[in-house]
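FYI, it's all coordinate maths here, none of it is from the lab. All values derive from a computational prediction rather than experimental measurement. FYI the Cβ positions are ideal-geometry reconstructions off the backbone, even for glycines, and counts take in every protein chain you see.
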Amino acid sequence: MKIISLAEVKNKLSSISTEREELTRGQVIALDHSEHVVKLSATKTLELIRDLKELERVNKKQAYKIADTLPETEDEIMALFTKETFVPSKEERQRILDIVWEYL
């Protein structure tokens, strides 16, 4: 299974909607959601993901999750890691925030 960001979903569904007369109900819902939630372009989102994956203990799935939600506080970061075996330290959470803030 390939992981893609919400920004990529938005781009793909937008291009599909220009090619077709109608999107399916699920596609319309996904496009509407992505238009309301996505704050960065797909290019910037992929750059953010690349930077996050450079951190020693952030994996691909976590990087995408962070890029899609753009957490603004340490508590929001902790919420993203609640089901993970790894919980970032205070310094790691601050580094994640610093990287996210570079893109906002």
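Pop the C-beta distance of W101 and S14 into the FRET formula with R0 = 22 Å and round what comes out to the nearest 0.05. Numbers along the way, then the final one.
Details: r = 27 Å, r/R0 = 1.23.
Plugging the Cβ-Cβ distance into 1/(1 + (r/R0)^6) gives 0.20.
Computed extension length for E22-K2: 4.7 nm, one decimal, from 0.36 nm per residue of separation with the Cα-Cα distance subtracted. For the stretch 11-40, the list of trypsin sites (Lys or Arg not before Pro) that fall in a loop by DSSP and count at most 10 other C-beta atoms within 10 angstrom reads R20.
Per-residue Karplus couplings for the stretch 52-65, computed as 6.51 cos²θ - 1.76 cosθ + 1.60 with θ equal to phi - 60°, are listed in order as 5, 5, 6, 5, 4, 10, 9, 8, 4, 4, 5, 4, 5, 4 Hz, Gly and Pro entered as x.
Return the FRET efficiency for the residue pair V37, V87: r is the Cβ-Cβ distance, R0 is 35 Å, and the value is rounded to the nearest 0.05. Display every interim value, and only then the final one.
Values: r = 25 Å, r/R0 = 0.72.
With R0 = 35 Å, the Cβ-Cβ based efficiency is 0.90.
Which value does Rg/Rh take for the chain over its C-alpha atoms, Rh per Kirkwood?
Numbers: Rg = 15.0 Å, Rh = 14.6 Å.
Ratio value, two decimals: 1.03.
Given +1 at the Cβ of Lys and Arg, -1 at the Cβ of Asp and Glu and no other charges, the dipole of the chain around its Cα centre is 380 debye to the nearest 20.
Using θ = phi - 60° in the Karplus curve 6.51 cos²θ - 1.76 cosθ + 1.60, the 3J(HN,Hα) couplings for the stretch 18-26 round to 7, 7, 10, 6, 9, 9, 5, 4, x Hz; x is entered for Gly and Pro.
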